[in-house]
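I have placed the structure first, in the form of structure tokens, so that the comments after it can refer back to it.
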Amino acid sequence: MLTSSNQKSHNDTDRAADNRGSAALRTSVQLLPAYTPPRGSMPSILEQYHIADFVEWEKQRALEINPDFQRGSVWKPAARTMLIDTILRQFPIPKVYLRTKINVRTQKSIREIVDGQQRIRAILDFADNKFALTSRALEFKGMRYSALTEEQKSTFLGYAIAVDQLLNAGDEEVLEVFARLNSYTVSLNGAEKRHAKFQGDFKFAIRDTSRRWSGFWKDYKVLSTHQRVRMQDDALTAEMVGALLEGVRDGGDPKIWALYKKYDPIFDNTYIAKFDTVLKYIVDNLAETLQGTALLNPPHLLTLFSAVAFVLIGIPDGDLKPDELDGLPRAMLGDLVRVRENLYLLADVISMEDEPEPPLMPFWKASHSSTQRIASRRVRFPFYVRALGSNNVA
């Protein structure tokens, strides 16, 4: 039994232990001091704002679009339409960079757009009823903001835009932001640059067509998912349509650029129907036999596509000379089994490590050289045509 003095001593001991425990807790769990950005840094805050917020700021004259930081030319109607269509369908758009400034005279915050100006300008103009959507918007064609249903207006105004807000940033700091963004972003390839630059009929026809045939690229392993993410399906589709437009010609990225420059302003969409006819023939009659062979790899598939088009519907001579086309069959062989055997033979030749015996040696050499060049294509193309339209490939 504890005496009163013992009880007091015991309580004092308990309190001392508690104090030591609290001291230990305070020692092991310490609150960090408020974050102080290092010298030369610039805080930024990632936030989300609705389109309604931007509209309100514009009406309050609390939003500025700084032309000094504009990185591209003024968007054409097709690009503005694509953006609004994207918003109405609730697809994501790239984030916007704002610089917040304080006007000491009016005691108001001014939000200045330093990146994303074309997007915000198009959004505000559409909200202000300043333009109608083009045919690229399908069921929204010809519609202005005022023509949208109440539900569509709510969807538009409620759309959330990701915003990086740069706090108290000077011009040099904003330029540093751009420099750093450009330093660690993946460089755009040719297909991606063309998709960003061109906004006409050809660009959208190619994009729509390559997307419609996505099952073919995927199911027959023509292109990997990564290649399709980098828009190589557009590049291949453009070259195939180019063969329908201009025949077998020298290839490569510069030639695809030339197609876009030439046909983007005005493009005859009947060529897309021809494209569908040719590729459907390949899928229905040849693809299953050729799956897993080199002939469904893009450079060889392009030449096969050109040959099928030549035999099935006809194409221009392109860079091929008349005497190189003389004597080639102009109709598909009725015996599909024989056609498949012929093409499988060509696929086997391509896969050979050593040179085959003549007369297939020229085809093997051309298939193992730069397949983009006309020197290779003028050798390989007749072999494909004969495989489709005659009993012998050589």
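The values are calculated or read from the model by the stated rules, or taken from the named source; none is laboratory data. Since this is a predicted model, take the numbers as computed values, not measurements. With ideal geometry, Cβ positions are generated from the backbone for all residues, glycine too; neighbour counts draw on all protein chains shown.
Do we have any residue at all in the range 248-270 that's of a type in the set (Gly, Ala, Ser), modelled with pLDDT of 95 or more, assigned to a helix (DSSP H, G or I) and closer than 27 Å to LEU343 by Cα? There is no residue in the range 248-270 that is of a type in the set (Gly, Ala, Ser), modelled with pLDDT of 95 or more, assigned to a helix (DSSP H, G or I) and closer than 27 Å to LEU343 by Cα.
Of all residues in the range 211-227, none are buried (at least 18 other Cβ atoms within 10 Å of the Cβ), under 12 Å from the mean Cα position of the chain (by Cα), not aliphatic (A, V, I, L, M) and not assigned by TED's automatic domain parsing to the domain that holds THR86.
Of all the criteria given as (1) surrounded by fewer than 16 Cβ atoms within 10 Å (Cβ to Cβ); (2) at positive phi, the one not satisfied by MET231 is (1). Just one of the listed residues (GLY200, GLY158) is in contact with a strand residue (DSSP E or B) (Cβ under 7 Å, 6 or more places away or on another chain), of a type in the set (Gly, Ala, Ser) and closer than 27 Å to LYS76 by Cα, namely GLY158.
For beta carbons closer than 9 Å, sequence separation of 6+ or different chains, a first residue in the range 177-189 that is under 14 Å from ASP115 (Cα atoms) and a second that is basic (Lys, Arg) and in a loop (DSSP other than H, G, I, E, B), the qualifying pairs are PHE178/ARG71.
Within 24 Å of ARG249 (Cβ to Cβ) and assigned to a loop (DSSP other than H, G, I, E, B) - does that describe any residue in the range 353-369? The answer is yes, given that some residue of the range 353-369 is within 24 Å of ARG249 (Cβ to Cβ) and assigned to a loop (DSSP other than H, G, I, E, B). Within the range 292-337, the residues that satisfy the criterion of being surrounded by 15 or more Cβ atoms within 10 Å (Cβ to Cβ), assigned to a helix (DSSP H, G or I) and over 27 Å from the mean Cα position of the chain (by Cα) are ALA307, VAL308, ALA309, PHE310, VAL311, LEU312, GLU324, LEU325. With respect to SER351, determine if the residue is assigned by TED's automatic domain parsing to the domain that holds GLY252, hydroxyl-bearing (Ser, Thr, Tyr) and surrounded by fewer than 17 Cβ atoms within 10 Å (Cβ to Cβ). When the stated conditions are applied, SER351 passes them. Taken over the range 102-124, residues that are over 34 Å from the mean Cα position of the chain (by Cα) and closer than 21 Å to ALA179 by Cβ amount to 0. Looking only at residues in the range 370-394 that are outside any loop (DSSP other than H, G, I, E, B) and of a type in the set (Val, Ile, Thr), the one that is nearest to the chain's Cα centre (by Cα) is ILE374. Among residues of the range 365-378 being surrounded by 18 or more Cβ atoms within 10 Å (Cβ to Cβ) and without any contact (Cβ under 8 Å) to a residue 60 or more places away in the chain, the one that is nearest to LEU345 (Cα to Cα) is ALA366.
Looking across the range 212-247, the residues that are part of a helix (DSSP H, G or I) and of a type in the set (Lys, Arg) come down to ARG212, LYS218, ARG228. Sub-7 Å Cβ pairs linking a first residue in the range 196-209 that is assigned by TED's automatic domain parsing to the domain that holds LYS274 and more than 14 Å from ASP233 (Cβ to Cβ) to a second residue that is among the aromatic types (Phe, Trp, Tyr) and part of a helix (DSSP H, G or I), at least 6 apart or interchain, are PHE198/TYR260; PHE202/TYR260; PHE202/TYR263, ordered by first then second residue. Looking only at residues of the range 268-283 that are more than 22 Å from LYS218 (Cα to Cα) and of a type outside the set (Asp, Glu), we find that the one that is surrounded by the fewest Cβ atoms within 10 Å (Cβ to Cβ) is THR270. Is there a residue in the range 255-272 that is within 21 Å of ASP234 (Cα to Cα), assigned by TED's automatic domain parsing to the domain that holds SER214 and of a type in the set (Asp, Glu)? Yes. Within the range 144-167, none of the residues are under 30 Å from HIS226 (Cα atoms) and basic (Lys, Arg).
With respect to the conditions (1) at pLDDT 95 or above; (2) over 20 Å from LEU301 (Cα atoms); (3) within 16 Å of the chain's Cα centre (by Cα), PHE198 falls short on a single one, namely (1).
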